[in-house]
Amino acid sequence: MHCVVCDKTIGKSGYKIQCRKCDGWAHLNCTNIAKDDIHDKKKIDWHCKQCRDSSTSALEEELEEEASLREKLDRCIKRRQSQIYEHSPSTQDMFEKLLKKIEGLEEAMSFNSEMVEVMRSSLDELRKENKSIKTKYEKLKIEVQELRQEVTVLKEKNAATDIEADLNSRKRNIIISGVIDKNEIVKVLENLGINDAGIKVKQIPTNKPIKPFVVTFSSEETKRNALQNRKSRGNLNSANMNLGEQRETYI
């Protein structure tokens, strides 16, 4: 199945619309119909360009044929008029009635001609509007593509910044096991002579009853002092650091 607008293949998936006259299909993107109208299940009376052009041409041909028939009928009436008037008055009355009917027909044909002009004008306006919409759509398409590129660049920059921040943070990290909460971590650090109000604490999820913590110091120097003091203290446990019940503490 091919699109009646761009002549490219129409896949099974994706949005498409069918011409009401010729039953041909077109990509929704090849028309000026919005996807929201499809989602809302609005009744859309869409005709392809070929069908719209053929409708206008057919109406013009019909009007031309009517005008030709009217001209022939007028000539025929004029030829017969003198003959009919010579025979009887009643025939003349019938002829007058016939003339009135013909005049009504002429008025109807004149109205049809005016309607054709209105339709032509409307079609011209629609073509201009459609061309303007397509131009705006192409501009918006380019702007969206540029914005997507900018978003991609920003994401890459943010990712690089996050990686750099994570690496810097790891340089200031230590892991402490055998403590229950942040309060005990503060007591452990005080036992090591460290008083860092800017520490950050994050618990590591494990299956152990007492989960270890990642402690991030405010500086690498504070981390080095903590590790150096830890070496000089020897064995650490909850008892010699006044943390309550007996349990080993590791740094």
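Every read-out reported here was derived from the displayed coordinates using simple, explicitly stated rules and does not represent laboratory data. Since the structure is predicted, the reported quantities are computational estimates derived from the model, not experimental observations. Cβ atoms come from the backbone with ideal geometry, glycine included; neighbour counts cover every protein chain shown.
Which trypsin sites (Lys or Arg not before Pro) in region 182-223 sit in a loop by DSSP (not H, G, I, E or B) and have at most 14 other Cβ atoms within 10 Å of their own Cβ?
Of the trypsin sites (Lys or Arg not before Pro), not one in the loops of region 182-223 has a Cβ with at most 14 other Cβ atoms within 10 Å.
What distance in nm separates the two pseudo spin-label positions at ASN235 and LYS182, each 7 Å out from Cα along the beta-carbon direction?
3.2 nm
Could you tell me which of the pairs LYS12/LYS136; LYS35/LYS134; LYS134/LYS155; LYS155/LYS211; LYS16/LYS49 are separated by over 25 angstrom between their Cα atoms in the structure shown?
LYS12/LYS136; LYS134/LYS155; LYS155/LYS211
Could you check the simple spin-label distance between LEU140 and LYS8, using points 7 Å along Cα→Cβ, in nm with one decimal?
1.9 nm
Over region 173-233, what is the relative contact order in percent, taking alpha-carbon pairs closer than 8 angstrom and at least six residues apart?
On the way: 73 pairs, mean separation 25.8, N = 61.
Worked out over region 173-233, it gives 42 percent.
Let's test the formula: R0 of 30 Å, r as the Cβ-Cβ distance of ASP74 and ARG120. What FRET efficiency results, to the nearest 0.05?
0.65
Under a point spin-label approximation (7 Å from Cα along Cα-to-Cβ), what is the ASP53-GLU129 distance to one decimal in nm?
With each label placed 7 Å out from Cα toward Cβ, I get 2.2 nm.
For an R0 of 51 angstrom, estimate the FRET efficiency from the Cβ-Cβ distance between LYS211 and ARG148 and round to the nearest 0.05.
0.75
Students often check this: by mean Cβ neighbours within 10 Å, which of 209-216, 25-32, 119-126 ranks highest, and how do the rest follow?
Put in order of decreasing packing, that is 25-32, 209-216, 119-126.
Can you give the net charge of the other residues whose Cβ lies under 12 Å from the Cβ of THR135, counting K and R as +1 and D and E as -1?
In short, +4.
Classify region 173-233 from the C-alpha gyration tensor, please: rounded if a/c falls under 1.5, else prolate or oblate depending on whether a/b exceeds b/c.
Because a/c hits 1.5 or more and a/b exceeds b/c, region 173-233 counts as prolate.
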